[in-house]
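Have a look at the structure below, then the notes.
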Amino acid sequence: MKANKIIFGMLVTLAMTSCKDDFLEVTSPTDTFINEYYTTRTSLDEALVAAYAPLHWYDYGSTWQYNALNFCSEFMSDDMYPNGGSNTDQPMLQLMFNYSCTPVVCLTGIWSDSFSGVKRSNDVIKYADWVEEAGNISAEDKADIVAQARLLRVFYYLQLWKFYGNVPCYFENLEAPYISEQLTADEVYAKVIAELEDIIGSGKLKDDYSAEEKGHVTKPLAYMIYAEMVMIQNDNSRYSKALGYMQELIKSGRYQLTVNFQDIWDESGEWNAESIWEINYFDDNSVRGWGNQLGAGGAVFPRLHGPRSFKANAGDPYEDVDAGWGFSAIPLHSVASFEEGDIRKEFSAFDMFAHGTSDDPGWMNTGYCLYKYLCRKGNNKDQKADADLGFNNNLRVYRYSETLLNAAELLLKTGGSAGEADGYVNEVRARAGLSAINGVSQDDILNERRHEFMGEGKRYFDLVRTGKAASVLTPANDSGGFRTKGWSEDVRYLPIPQDNIDASQGTLKQNGNYGSN
């Protein structure tokens, strides 16, 4: 058993007994029970674990949708097809690819799971005061727990802001009728970035945790979120601060690139020296299953990424690759975009027909699928419920290579040292087996990010923030001919689920041109 995946080990009972959270409707025990229960350190720890739980649900959570963070935005980019069995397989994913979701057929999981995380994080902050008043926690321990809850809340709002833009944003849980003002995306950014600055400035976040506690949120995670938000917002007033955070991580000496790119994606590569932060999944005694999708344990997204009906050739180096559901076909134009000699190509775009066969590869099949999260035989062998939801693959959210590329881009944006920017980019390129670039440009960095993070959920937001989405995300640029509608600012954000529009009593307005409330 891997000790570094303990953070979700306590979730079995909580996930089985806790109610479904929705930002508009909260069913909870009586106030008397809550007031009496949340007065001990043990109960506060339970609340904190519950606040971490929605991180685990993003691949298949409270709305029974497949909405893993790494591939939802990839489908809206130019580097991944939803594939599947047909053009009606997981219709919300197929519609996302063509910017044609409706308020009814849309991605509800990230919305619901994120607001569940917000609600639970708010609970922790409130309950911490009660435990302190009861004299059952030290000031230091309380500050640590509250800082974690606040940063978790920022992470959940980050997902809501990136995917939905114009959302309610509150730091205290709602009272009946559970309605909150909808903020614009810019207002959400301003509120959340100020909160993040305050969290960082408090000095209460830990730099790291022991191997047994990996998965807790940390100051380096806060730094990476900060840089991501500032860069997506194109907030030049904060570029220098974001750069300072990236350089602090670089100069700390705590992180380094994994020598072999392939090793990052093995179980042994989890929480290595390149990892800034990951979401933990484990197969050891995993109880997550089709009847208990919120249970503690493994992941389902490896099965989603696996090549459809795949049978590996006997004796092949990738003989352990298992068949999946084929939701990660890599377009041929993306495969061709790699430079000659780039070793990342093999470990991003897996050439399935070079290593096996399939009698039903899927309707958008290109012969290539995402390698990084392929389902492997044996990666779910110790689960105790359903094999499909029992894989032990951690989701790599931030890696040190992103720190380097962020720093390089921010140096260019702030008029910093061009040589230093070159050095950061070329460190990433050297690991990929590529020659150095002198005088790197914004486009060079964007290109490097594309190939370093293919399939990791970065590309769509990079194209949007750099103003390239409208020219790149078009039917004409799709080598497979599957994209029939081009991107526009009206579809930058996903539609708000219609049931939440209906329940808001006129408070929520629909995004873009998806229709009115």
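The values are calculated or read from the model by the stated rules, or taken from the named source; none is laboratory data. If you're wondering where the values come from, they're calculated on a predicted model, not measured in any experiment. Ideal geometry is used to build each Cβ from the backbone, glycine not excepted, and the neighbour counts take in all protein chains shown. What goes into the accessible areas is simple: the full protein's heavy atoms, side chains included, and nothing from ligands, DNA or RNA. Shrake-Rupley method; radii C 1.70, N 1.55, O 1.52, S 1.80 Å.
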### Message
Would you confirm whether or not the stretch 246-261 contains a residue that is surrounded by fewer than 17 Cβ atoms within 10 Å (Cβ to Cβ) and assigned to a strand (DSSP E or B)?
### Response
no
### Summary
Matching residues in the stretch 70-115 (over 15 Å from the mean Cα position of the chain (by Cα), among the aliphatic types (A, V, I, L, M) and not in a loop (DSSP other than H, G, I, E, B)) number 4
## Note on the structure
Conditions (1) in a helix (DSSP H, G or I); (2) open to solvent by 10 Å² or more (accessible area, probe 1.4 Å); (3) closer than 28 Å to residue 434 by Cβ -> residue 220 fails only (2)
### Task
Considering each of 136, 67 in turn, give the residue that is polar (S, T, N, Q), open to solvent by 10 Å² or more (accessible area, probe 1.4 Å) and assigned to a loop (DSSP other than H, G, I, E, B).
136
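Which of the residues belonging to the stretch 262-296 are open to solvent by 30 Å² or more (accessible area, probe 1.4 Å), touching a Phe, Trp or Tyr at 6+ places or on another chain (Cβ under 7 Å) and of a type in the set (A, V, I, L, M)?
Scanning the stretch 262-296 gives 273, 294.
Among 509, 485, 458, which is the only one that is buried (at least 20 other Cβ atoms within 10 Å of the Cβ) and of a type in the set (Lys, Arg)?
Testing whether each residue is buried (at least 20 other Cβ atoms within 10 Å of the Cβ) and of a type in the set (Lys, Arg) leaves just 458.
Being closer than 17 Å to residue 74 by Cβ and either crowded, with 19+ Cβ neighbours inside 10 Å or within 27 Å of the chain's Cα centre (by Cα) (or both) narrows it down to one residue among 434, 446; which is it?
Result: 446 is the single residue among 434, 446 that is closer than 17 Å to residue 74 by Cβ and either crowded, with 19+ Cβ neighbours inside 10 Å or within 27 Å of the chain's Cα centre (by Cα) (or both).
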### Task
Give the stretch 319-336 a look and list any residue that's crowded, with 18+ Cβ neighbours inside 10 Å, part of a loop (DSSP other than H, G, I, E, B) and not polar (S, T, N, Q), or say none.
322, 323, 325, 326, 327, 330, 331
### Query
Among all residue pairs at least 6 apart or on different chains, which show Cβ distances below 6 Å where the first residue, located in the stretch 316-332, is farther than 15 Å from residue 93 by Cβ and the second is of a type in the set (D, E, K, R) and in a loop (DSSP other than H, G, I, E, B)?
320/377; 322/377
